[in-house]
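Participant: Got a structure for you, questions after.
The values are calculated or read from the model by the stated rules, or taken from the named source; none is laboratory data. The shown structure was predicted, so the numbers you read here are calculated from the model rather than taken from an experiment. Quick reminder, even Gly has a Cβ in these numbers, built from the backbone with ideal geometry, and neighbours come from all protein chains shown. SASA here: full protein model, heavy atoms, side chains in, ligands and nucleic acids out. Shrake-Rupley method; radii C 1.70, N 1.55, O 1.52, S 1.80 Å.
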Amino acid sequence: MNWIDRFPGLTGLEEDLKGPLKAASRVVKMPAGTQIFGPGQAPENFLLLIHGTVRVQQVSEAGREIVLYRVSAGESCALTTACLMGYEEYLAAGIAESDIEAVAIPRSTFDDLIARSKVFRKFVFTAFSVRVTNLFRVIEDVAFSRIDIRLAQKLLPLLDGKDHISVTHQQLAFELGTAREVISRQLTEFQRRGWIEMSRGTVRIKSLKDLRKLAGEV
């Protein structure tokens with residue numbers, strides 16, 4: 001399997017390094033729900049995702065969960081990069097949201113390529129810098145943005161052309177990094193305004209225009 005071609009940033013990799021990279025790496029498959037890494041573990045491989053989605057999440061001491069980011073096909077995990085480079089242990093968990101297929105590049109091969117290949121360094125650090133920038137946006141949203149606006153911005157993409165969303169208050173709280181009670185109060189307010197209608201595990205949209213206005217889309 002010529003997996004290198006699946007990652008545009010690696011297509012220009014030096015020819016004398018492609019063979020050793022493919023020989024040292026292995027393609028792994030994991031079912032949905034698998035915890036790929038967790039707090040306190042040290043990464044043994046640099047993972048490149050071929051198929052599927054991985055959710056990277058963190059849990060506070062109080063038990064509150066937040067989604068930091070998702071890794072999609074063609075991407076690498078910024079947290080893994082940081083831990084490999086700094087010889088640190090993970091502080092968050094990576095969960096397979098779907099069945100996944102990934103390339104596992106051993107730490108020794110990763111270190112060698114970082115030292116020897118300009119193309120590989122650019123591939124790794126470009127992806128890392130983009131993810132770190134996005135993480136700062138997540139921090140800014142959680143710390144400073146109004147929860148009603150963030151909730152509207154989360155609900156709209158979940159519609160996907162439908163008029164309802166199958167989602168629990170806890171799932172929304174998890175995605176937005178807040179408490180379930182906060183989400184419940186805000187959804188109740190949306191319902192009072194006539195924008196949505198709630199039933200168990202389902203949110204039906206009654207005024208898409210108002211939600212879009214609140215989210216800043218109109």
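Participant: With the requirement that a residue be in contact (Cβ under 8 Å) with a residue 12 or more places away in the chain, charged (D, E, K, R) and exposed (fewer than 12 other Cβ atoms within 10 Å of the Cβ), what does region 1-22 give you?
Facilitator: none
Participant: I would also like to ask the following. List, please: which pairs have Cβ atoms under 8 Å, are six or more places apart or on different chains, and start with a residue in region 24-42 that is over 11 Å from Cys83 (Cβ atoms) and end with one that is of a type in the set (D, E, K, R) and assigned to a strand (DSSP E or B)?
Facilitator: Cβ pairs passing all conditions: Val27/Glu101; Val28/Glu101; Lys29/Glu101.
Participant: From the list Ser76, Ser25, which one is polar (S, T, N, Q), closer than 17 Å to Leu113 by Cβ, touching a Leu at 6+ places or on another chain (Cβ under 6 Å) and buried (at least 18 other Cβ atoms within 10 Å of the Cβ)?
Facilitator: Ser76
Participant: Take Arg150 and decide whether it is farther than 19 Å from Gly216 by Cα, of a type in the set (Lys, Arg) and in contact with a helix residue (DSSP H, G or I) (Cβ under 8 Å, 6 or more places away or on another chain).
Facilitator: When the stated conditions are applied, Arg150 does not pass them.
Participant: Follow-up. Could you list, in sequence order, all residues of region 133-188 that are in a loop (DSSP other than H, G, I, E, B) and surrounded by 14 or more Cβ atoms within 10 Å (Cβ to Cβ)?
Facilitator: Matches in region 133-188: Val167, Thr168, Gly177, Thr178, Ala179.
Participant: Scan Val59, Val103 and give me the residue that is of a type in the set (Val, Ile, Thr), within 27 Å of Pro31 (Cα to Cα) and open to solvent by less than 40 Å² (accessible area, probe 1.4 Å).
Facilitator: Just one listed residue meets the conditions, Val103.
This table checks each residue for (1) at pLDDT 95 or above; (2) more than 17 Å from the chain's Cα centre (by Cα); (3) not β-branched (Val, Ile, Thr).
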residue	(1), (2), (3)
Ala32	yes, no, yes
Phe37	yes, no, yes
Asn45	yes, yes, yes
His51	yes, no, yes
Glu61	no, yes, yes
Arg70	no, no, yes
Gly74	no, no, yes
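Participant: Out of all the residues in region 88-99, is one or more assigned to a helix (DSSP H, G or I), at pLDDT 90 or above and open to solvent by 70 Å² or more (accessible area, probe 1.4 Å)?
Facilitator: No: zero hits.
Participant: Among residues belonging to region 5-16 that are outside any helix (DSSP H, G or I) and modelled with pLDDT of 90 or more, point out the one that is nearest to the chain's Cα centre (by Cα).
Facilitator: If we take residues in region 5-16 being outside any helix (DSSP H, G or I) and modelled with pLDDT of 90 or more, then Phe7 is nearest to the chain's Cα centre (by Cα).
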